[in-house]
Amino acid sequence: MTGLSGKPSRDSEPPLPLPEGEVHIWLSARTPAVSSDTFLRQLLSLYVGLAPQELAFEYGEYGKPFLVSGPRNLQFNLSHTGEWFACAVAQGMQLGLDLERCEHEREPMQLARRFYSPQEQAALEALDRDSQRLMFYDLWTLKEAWVKAAGGALGRELESTGFRLDLPAGRIAELPAPDPHAAFCCLLQAPPGYALALCALSPPLTPPSMHLYRLHASGEKQSLPLLLRAGSHC
C-alpha cells in the first residue's frame with residue numbers, strides 16, 4: 001500500500017493500539033497531492049491493519065461516514081480547513097471534531113446573530129473585538145463538534161446548540177440539552193491561527209484520555225503535547 005508520501009509502507013507493521021476510553025487526535029498538513037479521503041484512509045488503516053483502498057464506508061442520514069470494514073469498532077470524525085487535516089479516532093464513542101481557521105476579515109457578530117443563542121450573543125457583545133473573535137471561533141468549533149458527534153445537520157442544528165464558557169477557569173460551564181452528563185466537550189490548543197474542539201458522546205471515562213499526534217507526509221508518526229484549554233468536566 002502507499003502512504004501519504006507515495007512510498008510503500010510496511011505491510012507487517014502491527015495496528016496501532018487504541019484502548020477503550022482513549023481518543024487519538026491527529027493533525028496532518030494539507031498538500032495539493034493529498035485529498036481528505038486519502039488522509040482518512042491512510043490514517044484509519046494504521047488502526048485496522050488493512051490497506052487504505054480496502055476500507056469501506058457507510059454514511060448516516062446527514063452524511064457522517066462510518067467504517068464498515070476491519071476488525072475494530074472504530075469511531076472517527078474528520079475536519080479540514082486551511083493548511084490542516086484533523087481527525088479524532090476512538091472506540092465506543094461517537095465523536096465530533098472541528099478545526100476552524102480564524103479569519104480576521106470575518107465579522108463575528110453577523111454570523112453570531114444568525115447561529116448563536118441569545119446567551120452566546122450577549123457573552124460575545126460584552127467583549128472587546130479581539131476577545132470577541134477568539135470566543136466566536138471557540139463557540140463555533142464546539143457547536144460544530146457537538147452536532148457532528150450526534151450525526152446531525154449542521155445548517156439546522158447549529159442554531160439550537162448553545163454553550164456557556166468560563167475560559168479563565170478552563171471550563172465549559174454548560175452543554176446543550178438533553179443529557180449533558182452523557183458527553184464530554186473540550187477546547188484544545190490548535191496550530192496558530194486556528195481553533196479546535198472535540199465532543200465525545202457517552203464516553204466510558206469522563207473525561208476520556210486524549211493524545212495528540214501528527215502524521216507527516218513521509219508517513220512518520222509524531223507524538224505532540226496536548227494542551228486542554230477548557231473542558232466540560234474540568
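Where a number appears in this text, it was derived from the coordinates with a stated rule and is not lab data. For clarity, every value in this text was computed on a predicted model and none was experimentally measured. Because the Cβ atoms are built from the backbone with ideal geometry, glycine has one as well, and the counts that use them run over all protein chains shown.
Side notes on the structure shown:
- The chain: most fluctuating residue of Pro207, Pro32, Pro168 per GNM, C-alpha cutoff 10 Å: Pro32
- Of all aspartates and glutamates in the structure, the ones whose alpha carbon falls short of 17 Å from that of Lys64, not counting any fewer than 8 places away in one chain, are Asp37, Asp98, Glu144, Glu157.
- Once the Cβ-Cβ distance of Leu111 and Asn73 is raised to the sixth power relative to R0 = 41 Å, the FRET efficiency obtained is 0.65.
- In this Cβ point-charge picture (+1 for Lys and Arg, -1 for Asp and Glu), the range 22-231 has a dipole of about 260 debye about its Cα centre.
- In the range 91-129, the GluC sites (Glu not before Pro) that fall in loop regions by DSSP, at most 13 other Cβ within 10 Å: Glu103, Glu105
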